[in-house]
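Notes for the one structure printed next.
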Amino acid sequence: MARHPLGLRCVSWNAAAEACLRAREPGGEVTRWAQAVAELLEVPACARVEDTGEPYTTELYFRRYGVESWWQATAVRQTEGFALWLREVTQARLEERRAREALERARAREERMEEEAEFRERFIGILGHDLRSPLSAISLSARAISRYGTLTPLQQEMEQRIESSASRMMKMISDILDLTRARLSSGIPLFLEPTQASEVCRQVVEEMSAAYPNRCIVYDEQGAGEGVWDSERLAQVLSNLVANALEHGGAEVPVLVRSYPCEELLALEVHNPGPAIPEHVLATMFEPFRRSATSGKRKRSGLGLGLYIVKEIAEAHGGRVVVHSREGEGTTFTVLLPRDARTAEASRRSKEDGGRAEEHVARHPG
């Protein structure tokens, strides 16, 4: 190659280059192809090669006769002008393009799946919310029927069955709504106020004892149990854990509920002396729609959201849930909570505001 006032021109090429170019160029248009190469080079960079001897490396892209090709070009100084060494890298660039396009398709598919999942969860949440009203009407109607005159034994059984089924459905709907809130926001919302954990524990134990009159549920309070929490959510945590213990602990063994200080935290503990939970179940038991029933046990009628909601409520308070299960020792779920959950709530709201701000900037740049 040599410089020209209007650019660069090809002076000569070697036999190997000519054979390669003639194989690629229909009609043997070597000169035209070589001049096209010259037109793609940067004249100032080539001038520096001649002036300083510093090599110049670049990559050239061609699209001729509908065929794409990429070439790595290196210019080195020679007596007359400079020599240009070309190495074809078309295959590597095509593979990179295919990999890039595959990654973009995968990302687009993932985004589409996330959008679809969010739509489904929003739909389920809306549906669950709208089902509450007719379900409440069914439950109230069943109770009203029991107050109108004397019912036959069959009618009483049917009324109790309707009310019991409505209650189970309401629990499922509440779980679905909690799942939707946890997935579509930064956690389950809380109503924080000064709370006595002992009062919440006693209330739950009394309610569960009434619901399971043939089972033994024992509560043991140790130390101070006051703090700032959502009392309704704590009751939900304990109800889920006690119900889980009653289901899997065996009909003949008691369920033990304890509250006690654990350094700066409060611990709520539910223990059953039943069989140990298998390792493979422990690994996924806090994920949604997981059932932790042991082999040979009757599966519960719930959706498998109880332990997931327990974890979400604990984390919303700034706490956590740990489980210890070993053969011969039974299973213990321990919920560890900070004494004042307002710090965790403020941090979560700050993250939500920051996330919304980032989303706004992403959608409305500038």
In the range 119-142, what count of residues is obtained for those that are surrounded by 13 or more Cβ atoms within 10 Å (Cβ to Cβ) and among the charged types (D, E, K, R)? 3
Of the residues in the range 106-160, how many are small (Gly, Ala, Ser) and either more than 16 Å from Met172 (Cα to Cα) or assigned by TED's automatic domain parsing to the domain that holds Pro288 (or both)? 9
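In the range 217-231, is there at least one residue being closer than 30 Å to Phe123 by Cβ, buried (at least 17 other Cβ atoms within 10 Å of the Cβ), at pLDDT 90 or above and assigned by TED's automatic domain parsing to the domain that holds Val321?
Yes, some residue in the range 217-231 is closer than 30 Å to Phe123 by Cβ, buried (at least 17 other Cβ atoms within 10 Å of the Cβ), at pLDDT 90 or above and assigned by TED's automatic domain parsing to the domain that holds Val321.
Residues checked against (1) surrounded by fewer than 16 Cβ atoms within 10 Å (Cβ to Cβ); (2) assigned to a strand (DSSP E or B); (3) under 25 Å from the mean Cα position of the chain (by Cα):
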| residue | (1), (2), (3) |
| --- | --- |
| Gln155 | yes, no, no |
| Asp178 | no, no, yes |
| Pro194 | yes, yes, no |
| Arg202 | yes, no, no |
| Glu207 | yes, no, no |
| Pro213 | yes, no, no |
| Arg233 | no, no, yes |
Conditions (1) assigned to a helix (DSSP H, G or I); (2) over 18 Å from Met172 (Cβ atoms); (3) not polar (S, T, N, Q); number of the one not met by Trp85: (1)
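The values are calculated or read from the model by the stated rules, or taken from the named source; none is laboratory data. Here the structure is a predicted model, which means the values were calculated and not measured. All Cβ positions, glycine included, derive from the backbone under ideal geometry; neighbour counts span all protein chains shown.
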